[in-house]
Every structure is written in C-alpha cells, then in structure tokens.
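Report on the structure given below.
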Amino acid sequence: MAAALNDNAITRWMPGILWSETVHRFFSSSIPSMPASPADAEFRAGTPDDAAAVTAVFPHVPFEQRLALGDLCWLAFIGGRLAHQTWTSSTRAFIPQVRYERRLAPDEVYFYDCVTVPDFRGRGLYPAAVALAARRHLPLGRTRAVLGILRNNTPSLRGAAKVGFVPEFDHFFRKCLGLCWQREVRLPPRPISI
C-alpha cells in the first residue's frame, strides 16, 4: 500500500510544479527631473575589455552578447573591486523569465539586471548608477526611464524611489499545468510606497 501524502507535502509541492504567479511592477521616471543620487564609487560605462571581470562577478550575464545587441552596461567600482552593474536597452523592455517584451518608444530607455554585490549593498550604488546612466542617455533623445521590479523586492523598490520612479502597471504572469497567462493592470501614478 502506498503511503498517503500529508496536506503539508502537497501544499509545498503544488505551487511550484502545478501553478505559479510572478508579479513585476513597472515604473517610469522623467530623466531631466531625476534627482542626483551620489554614492562613493567610481562609475563608468562597461566596454568589451570588462567582459572577464563582469562574468567573474556576475556569471549569469551574457556580457558580450548584450553589448553586441547595442545594450549598455554601467559599472561601479569600490577600491578597485567591481561592486555593481546596471544594464540599459534603448530598443526593448523585456523580462525573459516571464516572457515579457515590448518595443520602447523613441524617448525611452529601459533599465534591467541592476545587481549590487552583497558585500557592497546598502551604499546607494543602484540609484546612483541608474541616475548616472539615465543622464548619459539624454543626448541620445531618451528622456524617460522605465524599469520592472519584482513587486516584493523591497531594496530595489527603495532604490527606484530615490531617483523618482513612479508605478505605471503591474505585469502578472501565471502558469498552470504548462499553460501561461499574462496581463497588465494599470496603476495610478504616485510615489512608490514601501
């Protein structure tokens, strides 16, 4: 006779296997009115010469492929150590894990894969990198910054609030038995509340 599964085993197993839901909140900010967010670090645009350093610290990043697509990488260094990366795209907003993608308007720049090394968190590198990169896009005619953050990622929400991002919509991605659904729910524009 097979052993019966108890309720706790079933409820732990079912959400990840049978169904799941991921919610990203999308934000925008006017780049000309974006406040400065200083941090004690050296910031610069990444170049192909940075490939080995970036992939050593962030092994999930297809650095050279992203640069070949025209995306830009913005790096922060503290004491000569790579401490943060932020990526920008001027062609599309995308989150591959939830199959989200949209073309950007000519005045938009999309921020993604903003990651601070754990040893350097809490120093304001994320908002400082976003503010710096956003301003570097102004001469290219990009006046509006957009980004998507997991709705429960409090540190990223705080960083986005520091540089004036306001919510636009929630993107829901639901998966059940291999079938996927997506929908957007528009939000009233107001400051980020955490």
Under 6 Å by Cβ, and 6 or more places apart or on different chains, what pairs join a residue from region 97-122 that is under 17 Å from Leu157 (Cα atoms) and of a type in the set (Asp, Glu) with one that is surrounded by fewer than 14 Cβ atoms within 10 Å (Cβ to Cβ) and at pLDDT 95 or above? none
Output yes when any residue across region 61-79 is without any contact (Cβ under 8 Å) to a residue 12 or more places away in the chain and either closer than 19 Å to Thr116 by Cβ or among the aromatic types (Phe, Trp, Tyr) (or both), and no when none is. yes
Quickly run through region 159-180 and pick out the residues that are of a type outside the set (A, V, I, L, M, F, W, C), touching a strand residue (DSSP E or B) at 6+ places or on another chain (Cβ under 6 Å) and in a loop (DSSP other than H, G, I, E, B). Gly164
Thr154 more than 20 Å from Ala93 (Cβ to Cβ), touching a residue at least 40 places away in the same chain (Cβ under 8 Å) and out of contact with any Gly (no Cβ under 9 Å at 6 or more places or on another chain): yes
Filter pass, Ser156 being of a type outside the set (Phe, Trp, Tyr), over 16 Å from Ile31 (Cβ atoms) and in a helix (DSSP H, G or I): yes
Mind listing whichever residues of region 70-105 are surrounded by 17 or more Cβ atoms within 10 Å (Cβ to Cβ) and out of contact with any strand residue (DSSP E or B) (no Cβ under 7 Å at 6 or more places or on another chain)? Ile78
So the check is Cβ under 6 Å with 6+ separation or different chains; which pairs have a first residue in region 35-48 that's free of Cβ contacts under 8 Å to residues at least 12 places away in the same chain and closer than 9 Å to Gly124 by Cβ and a second one that's polar (S, T, N, Q) and surrounded by fewer than 13 Cβ atoms within 10 Å (Cβ to Cβ)? none
Across region 24-61, which residue is modelled with the lowest pLDDT among those that are of a type in the set (A, V, I, L, M) and loosely packed, with under 15 Cβ neighbours inside 10 Å? Ala36
Which members of region 62-77 meet the condition of being out of contact with any helix residue (DSSP H, G or I) (no Cβ under 6 Å at 6 or more places or on another chain) and closer than 22 Å to Gly124 by Cα? Leu72, Cys73, Leu75, Phe77
In region 160-179, residues that are within 16 Å of Ile31 (Cα to Cα) and in contact with a Cys (Cβ under 8 Å, 6 or more places away or on another chain) total 0
Among Gly124, Gly141, the single one that is out of contact with any strand residue (DSSP E or B) (no Cβ under 6 Å at 6 or more places or on another chain) and either surrounded by fewer than 14 Cβ atoms within 10 Å (Cβ to Cβ) or β-branched (Val, Ile, Thr) (or both) is Gly141
Filter result for the condition that a residue is within 14 Å of the chain's Cα centre (by Cα), within 28 Å of Arg99 (Cβ to Cβ) and surrounded by fewer than 16 Cβ atoms within 10 Å (Cβ to Cβ), over Leu157, Leu150, Leu177: Leu150
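The values are calculated or read from the model by the stated rules, or taken from the named source; none is laboratory data. Being a predicted model, the structure only gives us computed values, none of them experimental. Heads up, the Cβs are rebuilt from the backbone with ideal geometry, glycines too, and the neighbour counts pull from every protein chain shown.
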